[in-house]
Structure formats: C-alpha cells, structure tokens
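Notes to accompany the following structure.
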Amino acid sequence: MNSDILSKIIADNLDSNSVKLAKQFFSNDTHVSANFFILDNLLPKEVCLDIYKNFPNKDIYNYRDTFRERKFDYAKLNTLDNPLVDNIANAFQSDTVIKAVERITKINGLESDPTLYAGGISRMDIGHFLNPHIDNSHELTKTKYRRINTLFYVTPGVKESDGGNFELWDSKVKNPLKIPSMFNRLVVMETNKYSWHSVDHVQSNINRCCVSNYYFSEGSPEKYDYFHVTSFNGRPNEKFKRFYSVIDNFLRNSFKQTTGYSRGKSLIRDIK
C-alpha cells in the first residue's frame with residue numbers, strides 16, 4: 001500500500017473523530033504536562049499487521065544502551081527492501097495528515113521533517129526502557145521548534161502487563177499516566193519545555209514496535225526563543241539518576257550549543 005492511500009486513511013480517520021479527539025486534547029483531567037489524544041484502530045487491521053511484519057531485523061538498528069534509555073531505532077527507512085514501513089512514515093509526513101492534526105490541535109503552521117531526525121521506527125525488547133525526558137527542542141538545523149509527536153504502535157497482542165507502556169508525566173515528574181502501546185493505536189502529543197514522557201520497562205518477550213514522526217513550526221510554543229537537547233530525568237524512586245541527570249543534561253546542552261555537533265546527523269534518512 002503506497003503512502004498516498006495510507007495518508008488518506010489516516011486523515012479520514014482523524015477527521016471523522018475530530019470532535020472527540022479535540023475534546024481529549026484540550027482536556028486537563030489527567031493533570032499531565034502535555035496535551036494529547038489517542039486514536040485506536042487507525043488502519044485496517046491487516047494493513048497494520050503487515051507493517052509490523054515488515055519491520056527489519058534488529059541487527060540493522062542503532063542500539064542505544066545508557067542510563068537514559070535502552071532501545072533500537074532506525075531512520076533510514078528508504079533503504080529497506082520492502083517499502084511499506086517507509087510508506088507509513090511518509091504518510092504521517094503528508095500535508096493531508098498534518099492539516100488534519102492542525103484542525104484537532106489548533107496548532108497552525110506545522111511542517112514535516114523528511115529526514116526523520118530523531119524519528120523513524122523503534123523496537124524495544126524485554127528489559128528495554130526510556131526514562132522520563134523532554135525531546136530536543138528543534139530539528140536538525142535548529143531553525144524550527146518541535147511541536148507534535150505522533151507515535152503509532154503496531155505490535156499485535158500487547159497488554160499493559162507486558163510493559164513498554166507509554167507514559168506522560170506531570171511537570172514535577174512524580175506521577176505518570178500509563179498509556180498501553182496497543183496494536184494499531186496512535187498517540188499524538190504536543191511537545192514543549194514541560195512535556196515529560198517515557199516508556200516503562202518491557203516485561204515480556206514482545207517486540208514493541210513504533211513508527212515515530214515529529215512536526216515542527218517556525219514559531220516557538222513559548223512565544224520566545226529557547227533551545228535544549230533531549231533532557232532526561234530519573235523516575236521518582238531513582239534519586240541518583242535524578243541528581244546525575246541534571247549534570248548530564250547541562251553538559252550535553254552546553255556541548256551542543258558550543259560546538260553545534262549532533263550525533264544524530266549520521267542517522268537521518270537520506271533525502272535525494
């Protein structure tokens with residue numbers, strides 16, 4: 001299935017549920033620090049299952065293993081033998097889908113990032129995790145602000161007890177809202193200086209697979225200029241990680257601002 005057909009299915013599903021999704025996005029009942037909405041059954045079941053089956057073997061992924069995170073990720077989707085995974089990423093990058101998201105979130109001027117900087121696909125196996133963090137504020141050129149994350153989960157049969165649950169936090173990173181990473185589920189969240197989120201430890205032998213896309217805008221969500229790298233925190237019971245993360249975030253942020261160096265440049269999708 002090509003990206004044009006996929007984007008139409010996604011946009012039509014967003015538009016047909018727009019009233020419900022907008023109400024959820026602007027609700028503050030959950031007391032988390034980022035607006036979000038959830039849309040289940042995004043694609044026909046057989047299409048989502050086909051996307052999952054065409055995720056690559058883990059030996060081609062970039063493997064991250066630090067105190068901050070443990071996971072596989074990969075952005076060079078146009079190098080895969082089967083184009084379906086690249087097509088679903090492109091579908092989320094289409095103007096049709098972006099405009100549908102704009103209508104729901106009321107965030108105008110959103111733009112895609114065809115390089116998939118910090119996006120693409122991820123896989124998390126047993127023992128993998130992603131600690132609470134706020135995403136880097138900009139795309140690769142540091143000229144546009146990250147505004148929206150779209151997270152599409154494609155692993156069949158996932159339950160909350162399997163772990164790998166997406167988590168949104170309050171501004172003090174004390175209380176998480178768990179959102180199971182269920183098959184064919186789309187989570188759309190805003191990103192800003194306070195949008196703490198994470199993934200709890202995978203507890204079972206699932207391959208937690210996700211397609212991630214990010215939208216950007218020239219305007220700052222805070223109405224003033226700022227910059228930060230992806231900044232981590234420990235969980236409430238991880239006192240040392242909480243202390244050390246402050247130092248780690250400061251050092252990495254200072255290094256990036258001083259040198260302009262980004263390890264992510266070598267991992268982006270090549271755009272002809």
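Read-outs throughout are calculated quantities, based only on the coordinates presented, and are distinct from any laboratory measurement. Treat the numbers as computed from the prediction; the structure is a model and nothing was measured. Neighbour counts run over all protein chains shown; Cβ positions are idealised from the backbone, glycine included.
Seen from VAL97, the other residues with C-beta closer than 12 Å to its C-beta sum to a net charge of -2, counting Lys and Arg as +1 and Asp and Glu as -1. The Cβ shell under 13 Å around ILE126 holds other residues with a net charge of +2, Lys and Arg each +1, Asp and Glu each -1. Projecting the Cα positions of ILE88, ASN54, CYS210 onto the charge dipole of the chain (unit charges on Cβ atoms of Lys, Arg, Asp and Glu, taken about the Cα centre) puts CYS210 furthest along the positive direction. For the range 153-161, backbone phi angles converted through the Karplus equation (6.51, -1.76, 1.60; θ = phi - 60°) give residue-by-residue couplings of 9, 10, 7, x, x, 6, 10, 4, 5 Hz, Gly and Pro being listed as x. Near the amide H of ILE126, within less than 5 Å, lie the amide hydrogens of ILE206, all on another chain or at least 5 residues away, with H placed in the peptide plane.
Scanning residues 5 or more positions from TRP196 or on other chains, those with amide H under 5 Å from its amide H are SER33, TRP169, with H placed 1.01 Å from N in the peptide plane. Residues in the range 251-259 carry Karplus couplings, in order, of 5, 5, 5, 5, 5, 5, 5, 6, 9 Hz; the curve used is 6.51 cos²θ - 1.76 cosθ + 1.60 with θ = phi - 60°, and Gly or Pro positions show x. Sequentially through the range 2-16, phi angles give Karplus couplings (6.51, -1.76, 1.60; θ = phi - 60°) of 7, 5, 5, 5, 4, 5, 5, 4, 5, 4, 4, 5, 4, 5, 6 Hz, Gly and Pro residues having no value and appearing as x. Counting every pair of alpha carbons in the range 120-174, the share spaced more than 15 Å apart comes to 65 percent.
Rounded to the nearest 0.05, the FRET efficiency derived from the C-beta distance between PHE243 and ASP15 at R0 = 45 Å is 0.45. For the pair THR66 and ASP270 in one chain, pulling the backbone fully straight at 0.36 nm per residue adds 70.8 nm over the alpha carbon distance.
Each 10 Å bin, from zero up to the one with the longest distance, holds this percent of the alpha carbon pairs of the range 132-241: 14, 41, 33, 11, 1.
The charge dipole of the range 3-267, taken about its Cα centre with unit charges on the Cβ of Lys, Arg, Asp and Glu (plus for the first two, minus for the last two), comes to roughly 760 debye. Dipole of the chain computed with +1 at Lys/Arg Cβ and -1 at Asp/Glu Cβ about the Cα centre; of GLY119, PHE250, THR30, farthest Cα towards the positive end is PHE250. Counting other beta carbons within 10 Å of each Cβ, put VAL154, VAL211 in order, fewest first. Placing the least packed residue first, the sequence is VAL211, VAL154. Convex hull of alpha carbon positions in the chain: directionally averaged projected area 13.6 nm².
Peptides 139-146, 16-23 ranked from most to least packed by the mean count of surrounding Cβ atoms within 10 Å: 139-146, 16-23.
Between THR155, THR259, THR230, the GNM of the chain built on Cα springs shorter than 10 angstrom shows THR259 fluctuating the most. Taking only the alpha-carbon positions of the range 33-118 and ignoring solvent, what does the Debye formula give for the base-10 log of I(q)/I(0) at q = 0.14, 0.18, 0.23 Å⁻¹? Taking Cα atoms of the range 33-118 as identical point scatterers yields -0.68, -1.06, -1.26.
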